[in-house]
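Trainee: Below is one structure. I have some questions about it.
What follows is calculated from the coordinates using simple rules that are stated; it is not laboratory data. Note that this is a predicted model, so its numbers are computed, not measured. Positions of Cβ are backbone-derived with ideal geometry, glycine not excepted, and every protein chain shown enters the neighbour counts.
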Amino acid sequence: DAKTTQPPSMDCAEGRAANLPCNHSTISGNEYVYWYRQIHSQGPQYIIHGLKNNETNEMASLIITEDRKSSTLILPHATLRDTAVYYCIVRGGAGGTSYGKLTFGQGTILTVHP
Amino acid sequence: NAGVMQNPRHLVRRRGQEARLRCSPMKGHSHVYWYRQLPEEGLKFMVYLQKENIIDESGMPKERFSAEFPKEGPSILRIQQVVRGDSAAYFCASSPTASSYNSPLHFGNGTRLTVT
C-alpha cells in the first residue's frame, strides 16, 4: 500500500471548516483513500473513502486531486467533539498482498477550540 | 443494527496468566481484523481472519499469541503467559462477506488489557 504523509497537528475554531490534507504521491490506480478518526480511548471511526471522485456524506467531504497524489478531508462545521486523531490511509486494490487491511500512520491531531 | 462488539472492555491479568479477548463482528460480516495499540503509540495490525481460516498473521508475535474465528461464535484473540509489555488496547474490526477494498472496516471500542 502507498504511504501517506499528514501534518502532525492542526487547530480549528469551533464552527469553522476543518481542512485536513494528506499526501499519497505513490498511490496506484486501484488503491482507495480512506479516512478514519480516533477519539481518545475509543475505536477508530470510519469517516469516508474514495477512489477518484470527490465524495460527501453526513460527516465530511473528501476532495481528491485529479492526479490522485493528494486529498483533503473537510469537516464543514467543526465542533469540540471533532477533536481527535485523523488518519488518512491508502488501501490496496485487487492483486495486492495487503488483504484489505488498513495500515495506520501517525495521523493528524486535530484540536477544535471554542 | 449492532456494531462490532468486543468484550470484556477492561481485562486485568497477572503476569503468567492467560488473556482471552472476544470479538463479535457486525451482522453479515465474515472478515475480522485484530489490531493492537500500545500506550501512546499507533494502531498496529496483528491478524486477519475469515471464518475458520487465518488469512494474514504477519503482525502477530510469534509466541504466546493466537487467534481463531470459528464457524459459530465470536473471534477470539488469546494471549498465553501474559507479560507487562502486553498491556495495551486491542481492537477488532470487521468487514462484509462480499469484501472488497471498497468496503470499510468497522471497529469495536476495544479491550483494554492491563497486566500487573
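Trainee: Once fully extended, how much extra length lies between residue B:55 and residue B:15, figured as 0.36 nm per residue of separation less the alpha-carbon to alpha-carbon distance?
Mentor: Extending this stretch completely gives an extra 11.4 nm.
Trainee: Can you give the charge dipole size of region B:1-76 about its Cα centre, rounded to the nearest 20 debye, using +1 on the beta carbon of Lys and Arg and -1 on the beta carbon of Asp and Glu?
Mentor: In debye, rounded to 20, region B:1-76 gives about 320.
Trainee: Taking +1 at the Cβ of each Lys and Arg and -1 at the Cβ of each Asp and Glu, which of B:65, B:96, B:111 sits farthest along the dipole of chain B towards its positive end, judged by Cα position relative to the Cα centre?
Mentor: B:111
Trainee: Residue A:60: net charge of surrounding residues, Cβ under 13 Å, Lys/Arg +1, Asp/Glu -1, itself excluded? Mind showing how you got there, number by number?
Mentor: Numbers: positive: A:37; negative: A:55, A:58, A:82.
Cβ neighbours under 13 Å give a net charge of -2.
Trainee: Which aspartates and glutamates, if any, have their Cα less than 12 Å from the Cα of residue B:51, not counting same-chain residues under 8 positions apart?
Mentor: Correct list for residue B:51: B:68, B:72.
Trainee: Within 10 Å of each residue's Cβ, count the other Cβ atoms and sort B:23, A:12 from fewest upward.
Mentor: Going from sparsest to densest Cβ surroundings: A:12, B:23.
Trainee: Another question, if that's okay. Counting partner chain Cβ atoms within 10 Å of every residue's Cβ in B:38-48, what's the average?
Mentor: Whole-number average of other-chain Cβ neighbours for B:38-48 is 3.
Trainee: Shifting gears a bit: Taking H placed 1.01 Å from N in the peptide plane, check which residues at least 5 places from residue B:114 or on another chain put their amide H under 5 Å from its amide H.
Mentor: For residue B:114, the qualifying residues are B:11, B:12, B:13.
Trainee: Further question: Using Cα springs under 10 Å in a Gaussian network model of chain B, which residue among B:42, B:59, B:16 shows the largest mean-square fluctuation?
Mentor: B:42
Trainee: For B:87, B:94, what's the fewest-to-most ordering of other Cβ within 10 Å of each Cβ?
Mentor: By the 10 Å Cβ count, ascending, the order reads B:87, B:94.
Trainee: Let me ask something additional. Given Cβ point charges of +1 (Lys, Arg) and -1 (Asp, Glu) and nothing else, what value in debye, to the nearest 20, does the dipole of the protein assembly as shown about its Cα centre take?
Mentor: 760
Trainee: Put +1 on the Cβ of each Lys and Arg and -1 on the Cβ of each Asp and Glu in the protein assembly as shown; which of A:104, A:18, A:75 then has its Cα farthest toward the positive end of the dipole?
Mentor: Farthest towards the positive end: A:104.
Trainee: Report relative contact order for chain A in percent, whole number only (criteria: Cα-Cα under 8 Å, sequence separation at least 6).
Mentor: Normalised by residue count, the contact order of chain A is 36 percent.
Trainee: Let me ask you something else. What number, in percent, do you get for the relative contact order of chain B if the mean sequence gap of Cα pairs under 8 Å and at least 6 apart is divided by its residue count?
Mentor: Relative contact order comes out at 37 percent.
Trainee: Among A:40, A:113, which comes first, then next, by fewest other beta-carbon atoms within 10 Å?
Mentor: A:40, A:113
Trainee: Moving on. How large is ³J(HN,Hα), in whole Hz, for each residue of region A:60-66 in order, when computed from phi with the Karplus curve 6.51 cos²θ - 1.76 cosθ + 1.60 and θ = phi - 60°, using x for Gly and Pro?
Mentor: In residue order, the calculated couplings are 6, 10, 10, 10, 10, 5, 4 Hz.
Trainee: Would you give the gap between the C-alpha center of region B:1-37 and the C-alpha center of region B:87-116, rounded to a whole Å?
Mentor: 8
Trainee: Can I ask one more? I'd like the mean, over residues of B:108-114, of how many other protein chain beta carbons sit within 10 Å of each residue's own Cβ.
Mentor: If you average over the peptide's residues, the count of other-chain Cβ atoms is 2.
Trainee: Let me make sure I get this right: for chain A, a, b and c are the square roots of the gyration tensor eigenvalues over alpha carbons, sorted descending. Under 1.5 in a/c it's rounded, otherwise prolate if a/b > b/c, else oblate. Which is it?
Mentor: In terms of gyration-tensor shape, prolate.
Trainee: Please compute the average number of Cβ atoms from other chains found within 10 Å of each residue's Cβ in peptide A:102-113.
Mentor: Mean number of neighbouring Cβ atoms from other chains: 2.
Trainee: Another question about this same structure. Report the local net charge at residue B:18: Lys and Arg +1, Asp and Glu -1, summed over other residues whose C-beta lies under 10 Å from its C-beta.
Mentor: +4
Trainee: For the protein assembly as shown, list the cysteines whose Cβ sits under 4.7 Å from no other cysteine Cβ?
Mentor: A:12
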